[in-house]
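Notes for the one structure printed next.
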Amino acid sequence: MTDVDAVKIIRSGGVLIYPTETLFAIGADASDEVAANRVALVKGRPVSKPLPLIIGSMEQLDLVTKFASSDVLKLAEFFWPGPLSILVKGRDELPYAVKDSDGYTSVRWTDHPVAAKICLAARTPLIATSANLSGNKAAEKIEDLDVELVKLVEGVFDGKPAPRGGSPSTVIEPLSGGKVRVLRDGVISKESLIQAGFTVVD
């Protein structure tokens, strides 16, 4: 499969498995409600767990949220592109599957060249949840992908470089006044957040 094929799958409302900086992801056009629901269904992900998003450039953040606080922009300046997912108020038009009950979604600007290229070429943020059936081990290598999961999607794009593996992205919730709450530990450590000038609270 070429990157052109991958983009065609996304733009036609299909579901794609593709590499990110940390793990292989399963995703689709983040603005397509039917596609988003399919990702959740294929993965077996509970509806109470919103699907995370990636973008391919800082400009694409505007497709996810209408309001990016000064803290969000400062976090982006320090850690993007990279494996830091930031909780932001999602646009009203985004599918329910990518937002929590308060309308928030998590987003990161990926530093994986393939994932970023697909976002930019498809002109949309992508859903980027780990490519595994819910509760099973995430796939770091193409050979680790669940064959049953692969059967349920339109394609697998094994673009290089391969995911680094190891910890997933860190997920944080920006609070007021330079404070953040870590919702999931990952690649970006609490110490790194503190060194960037943020206060990490429980």
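The values are calculated or read from the model by the stated rules, or taken from the named source; none is laboratory data. Worth saying up front: this structure is predicted, and the values here are computed from it rather than measured. Glycine gets a Cβ as well: all are built from the backbone with ideal geometry, and neighbour counts include every protein chain shown. We work out accessible area using only protein heavy atoms, side chains counted, and drop any ligands, DNA or RNA first. Shrake-Rupley method; radii C 1.70, N 1.55, O 1.52, S 1.80 Å.
Overview of values
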| item | result |
| --- | --- |
| Residue list for region 91-110, restricted to those being open to solvent by less than 10 Å² (accessible area, probe 1.4 Å), of a type in the set (A, V, I, L, M) and not in a helix (DSSP H, G or I) | Val107 |
| Of residues in region 111-125 being in contact with a helix residue (DSSP H, G or I) (Cβ under 8 Å, 6 or more places away or on another chain) and part of a helix (DSSP H, G or I), the one nearest to Ser12 (Cα to Cα) | Ala122 |
| Looking only at region 169-198, and only at residues there that are surrounded by 18 or more Cβ atoms within 10 Å (Cβ to Cβ) and touching a Gly at 6+ places or on another chain (Cβ under 8 Å), the one that is farthest from Gly44 (Cα to Cα) | Phe198 |
| Residue count, region 51-81 (criterion: among the small types (Gly, Ala, Ser) and modelled with pLDDT of 95 or more) | 3 |
| Some residue of region 143-151 being open to solvent by 10 Å² or more (accessible area, probe 1.4 Å), of a type outside the set (A, V, I, L, M, F, W, C) and touching a helix residue (DSSP H, G or I) at 6+ places or on another chain (Cβ under 7 Å) | no |
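Residue-wise test of (1) without any contact (Cβ under 8 Å) to a residue 40 or more places away in the chain; (2) over 20 Å from Val153 (Cα atoms); (3) among the small types (Gly, Ala, Ser); (4) in contact with a His (Cβ under 8 Å, 6 or more places away or on another chain).
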| site | (1), (2), (3), (4) |
| --- | --- |
| Ala25 | no, no, yes, no |
| Leu41 | yes, no, no, no |
| Pro81 | yes, yes, no, no |
| Asp102 | yes, yes, no, no |
| Val107 | no, yes, no, no |
